[in-house]
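The structure appears right after this line, and notes come after that.
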Amino acid sequence: MKAAVFLGPANLEIRELPVPEPQAGEVLIRVLGCGVCGTDAHIYRGEVANARPPVVLGHEIFGRIESCGPRVRDFGPGDQVVVDPFIPCGSCSFCRSGEPRFCSNETFIGYNRNGGFAQFVAVPASNAYALGSDARFEDGVLTETLSTVVAGLHKLAPPPGRTFLLLGAGAVGLLWNQLLRRSLSAALIQTELIPERLQRARELGADRVLSPREEDLEASVRTLCPEGVDYLIDATGSTEAVSQALPLLKKGGTFMCFGICPAEERLPLSLGWFYQRQLTFLTSRRPPREMGRAIRLLEQGAVEGRKLVTGRLPLERIEEAFRLFFEGKDRQLKMAIDPWAPASLRLGP
Ligand SMILES: [Zn+2]
Ligand SMILES: [Zn+2]
């Protein structure tokens, strides 16, 4: 089978590998598509040390079961599935105390176990989730990302009628947009630097969209919400964007740290200010298993993958996809690899 093997920073090769043999409790998946995540692009650049090369990256897997290893009862060949990439060890103190997301010996498909930028991947059946046989490519490759946003919203649990400032309108920010619009928000203000993405945020239903480089963020927010917003959600990972927006939180408000900020950056904030305003600081990483709920939202059409997945590229163009992640933000929202598409075919931008 063809696979994109990550060998180290800026070093990736398309290689011929043997099709994996599903072990007991595993299913072999024919990969129909695998989303390109920002994390993959950062790993490729050598900016995050999550991956253990040589490894096949790709953790946003959508495919069809090809065969099952021994002791798999819930799936059979032909079933369409998506994959939760996180495999807790089950035996460390965190796993034993019911907090597997803090697992000390985790395996993550696409980081330290071969993932979906390949024609086939073997995964534990317990990590696979069934999709309808008519599931669209765009919905399949978006499910894992959506599940992280579903988990974040679950943690935020906003009552109806609240106001939100959402930073960023990349794929993750636009998924937040769609879920917040349906949670009866009183106002959703979304910021973004790329005009094409702002336009998309507006089309999807944000009440006010703006670029903080073009407009005065504070004045724009205070026009709609004089006392500030109830919730600030960061989907940029930009410490600068968060520092600028935090003062716009209303007293008693909540900040959700969702984007992945560079570890070395620091926030210039006063704990006294946080204390006086009685603010809450939340994070949402390594979600509980929300794949099933994400699938239902996509099936219902509450979230439409087609509006977010803009590029479908063959495996051979994966390094180009990583480059476009950083340099093609005006053209691409979310890209996915189709490992069966011929290398010559130009399906993407
Ligand atoms: Zn991802
Ligand atoms: Zn564990």
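The values are calculated or read from the model by the stated rules, or taken from the named source; none is laboratory data. Remember, it's a predicted structure, so these values are computed and weren't measured experimentally. In this analysis, Cβ positions are derived from the backbone assuming ideal geometry, glycine residues included, and neighbour counts consider all displayed protein chains. For accessibility, only protein heavy atoms count, side chains too; no ligands or nucleic acids. Shrake-Rupley method; radii C 1.70, N 1.55, O 1.52, S 1.80 Å.
Filtering region 175-189 to residues that are within 19 Å of the chain's Cα centre (by Cα) and free of Cβ contacts under 8 Å to residues at least 60 places away in the same chain leaves Asn177, Leu180, Arg181.
Taken together, the residues in region 107-128 that are away from ligand 1 (no atom under 16 Å from the Cβ) and under 17 Å from Ser284 (Cβ atoms) amount to 0.
The residues of region 69-92 that are within 9 Å of ligand 2 (Cβ to nearest atom) and open to solvent by 20 Å² or more (accessible area, probe 1.4 Å), listed by number, are Pro88, Cys89, Gly90, Ser91. If you go through region 181-194 and keep only what is modelled with pLDDT of 95 or more and surrounded by fewer than 24 Cβ atoms within 10 Å (Cβ to Cβ), you end up with Ala187, Leu193, Ile194. Within region 194-214, the presence of a residue that is among the hydroxyl-bearing types (Ser, Thr, Tyr) and in contact with a Phe, Trp or Tyr (Cβ under 7 Å, 6 or more places away or on another chain) is excluded. For the subset of region 127-163 comprising residues that are acidic (Asp, Glu) and touching a residue at least 24 places away in the same chain (Cβ under 8 Å), which member is surrounded by the fewest Cβ atoms within 10 Å (Cβ to Cβ)? Among those residues, the one meeting the criterion is Glu138.
Taking the condition of being closer than 30 Å to Glu319 by Cβ and away from ligand 1 (no atom under 16 Å from the Cβ), how many residues in region 76-106 meet it? Count: 2.
Taking every residue in region 93-105 that is in contact (Cβ under 8 Å) with a residue 60 or more places away in the chain and within 6 Å of ligand 2 (Cβ to nearest atom) and pairing it with any residue that is open to solvent by 70 Å² or more (accessible area, probe 1.4 Å) and among the small types (Gly, Ala, Ser), at least 6 positions away or on another chain, yields no pair with a Cβ-Cβ distance below 6 Å.
Gly35 passes every criterion in (1) open to solvent by less than 30 Å² (accessible area, probe 1.4 Å); (2) in contact with a Cys (Cβ under 8 Å, 6 or more places away or on another chain) apart from (2). Filtering region 93-109 down to residues that are within 30 Å of Arg30 (Cβ to Cβ) and of a type outside the set (Ser, Thr, Tyr), which residue is surrounded by the fewest Cβ atoms within 10 Å (Cβ to Cβ)? So, considering only residues that are within 30 Å of Arg30 (Cβ to Cβ) and of a type outside the set (Ser, Thr, Tyr), the one surrounded by the fewest Cβ atoms within 10 Å (Cβ to Cβ) is Asn105. Kindly evaluate Pro20 against the criterion of being at pLDDT 95 or above and either more than 16 Å from ligand 2 (Cβ to nearest atom) or more than 20 Å from Glu144 (Cβ to Cβ) (or both). Answer is yes for this residue. Note on region 8-20: residues that are within 15 Å of Gly110 (Cβ to Cβ) and open to solvent by 50 Å² or more (accessible area, probe 1.4 Å) total 0. The set of residues from region 45-68 being away from ligand 1 (no atom under 16 Å from the Cβ), in a loop (DSSP other than H, G, I, E, B) and either open to solvent by less than 50 Å² (accessible area, probe 1.4 Å) or aromatic (Phe, Trp, Tyr) (or both) comprises just one member, Gly46.
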